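Scroll down for the structure; my scribbles are underneath it.
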């Protein structure tokens, strides 16, 4: 990303894609999966904690997004964020009393999980697409079989207009308002913008949209580079209708 400092401090953590000022991404082809033993333990804990807490698709990711900046950008990195999010969920689901984790795992007293996290945003259901009840598969999956055809098809020119409901979303900010071309239609999935908030599945077809790098990043972007972004169809409008 370079060493420039064009960071928009108003962005939420899941909208950092495409921003500058974060330095180069370190890459070591020989890097071990865990740097410390505690990271290995956190990785193991995730499979025990999430089935008892974040049972809705998108809920764990939304919890990560709600972490205070000091936790999200803490030097303990990726697994540190996982650990903080698990602490939050264990309190919110009543497995620990509020404040019970204060002073544990290096957390200073008075700054326990409940203190460090933002409450979930209240989402207006009227801003979400209508629910379309579909059979739930016997095995655990976010895939669903919709009895309607996709709204878009390969070759359509589309624009992502944003998540009006607020709260959790899988729409990257850097593609909003930028025209792209539909290149593939994936099977339908439950909509995490809804499920993360317990507002139903509202399944949507998933649309792969191709963007020219220069349309996203400007003339300094690499030539002939195309980025495919998978987006839920309710994020999109035909370009002609969005103008």
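A few remarks follow.
- Test result for residue 83, in a loop (DSSP other than H, G, I, E, B), in contact (Cβ under 8 Å) with a residue 40 or more places away in the chain, under 20 Å from residue 118 (Cβ atoms) and not assigned by TED's automatic domain parsing to the domain that holds residue 174: no
- Filter pass, residue 206 being within 27 Å of residue 119 (Cα to Cα), touching a residue at least 24 places away in the same chain (Cβ under 8 Å) and within 16 Å of the chain's Cα centre (by Cα): no
- Residue within region 177-185 that is closer than 25 Å to residue 51 by Cα, outside any strand (DSSP E or B), free of Cβ contacts under 8 Å to residues at least 60 places away in the same chain and under 20 Å from the mean Cα position of the chain (by Cα) present: no
- Residue check, residue 209 buried (at least 20 other Cβ atoms within 10 Å of the Cβ), over 26 Å from residue 133 (Cβ atoms) and at pLDDT below 95: no
Yes/no per residue for (1) over 19 Å from the mean Cα position of the chain (by Cα); (2) within 21 Å of residue 166 (Cα to Cα); (3) at pLDDT below 90:
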site	(1), (2), (3)
6	yes, no, yes
31	yes, no, no
48	yes, no, no
69	no, yes, yes
79	no, no, no
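Condition check ((1) within 23 Å of residue 59 (Cβ to Cβ); (2) outside the structural domain of residue 208 (by TED's automatic domain parsing); (3) crowded, with 22+ Cβ neighbours inside 10 Å; (4) at pLDDT 95 or above) across all residues:
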position: 153; (1), (2), (3), (4): no, no, no, yes
position: 156; (1), (2), (3), (4): no, no, no, yes
position: 159; (1), (2), (3), (4): no, no, no, yes
position: 164; (1), (2), (3), (4): yes, no, no, no
position: 168; (1), (2), (3), (4): yes, no, yes, no
position: 176; (1), (2), (3), (4): no, no, no, no
position: 181; (1), (2), (3), (4): no, no, no, yes
position: 190; (1), (2), (3), (4): yes, no, yes, yes
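- Residue within region 61-69 that is over 26 Å from residue 141 (Cβ atoms) and outside any helix (DSSP H, G or I) present: yes
- Region 209-234, subset touching a residue at least 60 places away in the same chain (Cβ under 8 Å) and in contact with a helix residue (DSSP H, G or I) (Cβ under 9 Å, 6 or more places away or on another chain), residue nearest to residue 174 (Cα to Cα): 216
- Subset of region 126-147 (residues that are more than 14 Å from residue 234 (Cα to Cα) and exposed (fewer than 14 other Cβ atoms within 10 Å of the Cβ)): 133, 135, 136, 137, 138, 139, 140, 141, 145, 147
- The set of residues in region 152-169 being in contact with a helix residue (DSSP H, G or I) (Cβ under 9 Å, 6 or more places away or on another chain) and within 13 Å of residue 208 (Cα to Cα) consists of 152, 156, 157, 158, 159, 160.
The values are calculated or read from the model by the stated rules, or taken from the named source; none is laboratory data. Being a predicted model, the structure only gives us computed values, none of them experimental. As a convention, Cβ positions derive from the backbone with ideal geometry for all residues, glycine included, and neighbour counts pool all protein chains shown.
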